1. Which whole-number percentage describes the relative contact order of the chain, with Cα contacts under 8 Å and a sequence gap of 6 or more?
2. Compute the Rg/Rh shape ratio of the chain: radius of gyration over Kirkwood radius, all on alpha-carbon atoms.
3. Pop a pseudo-label 7 angstrom from the Cα along the beta-carbon direction at both residue 18 and residue 35 and give the gap in nm to one decimal.
């Protein structure tokens with residue numbers, strides 16, 4: 001589906017682009033997010049579940 005609605009659960013993999021606000025519930029290992037388009041920060045930001 002091309003449309004996300006509140007409450008949807010999605011699975012992402014390396015290189016996926018998620019053009020939406022999202023909450024990380026679970027992760028296998030570390031998760032680094034490139035937020036450059038949103039914040040201008042050039043370095044990836046590490047995120048944890050919760």
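Laboratory data are not the source of any read-out in this text; all were calculated from the coordinates shown. The structure presented is a predicted model; accordingly, all values stated were derived computationally and were not measured. When we count neighbours, we look across all protein chains shown, and the Cβ atoms used for this are built from the backbone with ideal geometry, even at glycine.
1. For the chain, the relative contact order is 31 percent.
2. Using Cα coordinates only, the ratio equals 0.95.
3. Between residue 18 and residue 35, the label points sit 1.3 nm apart.
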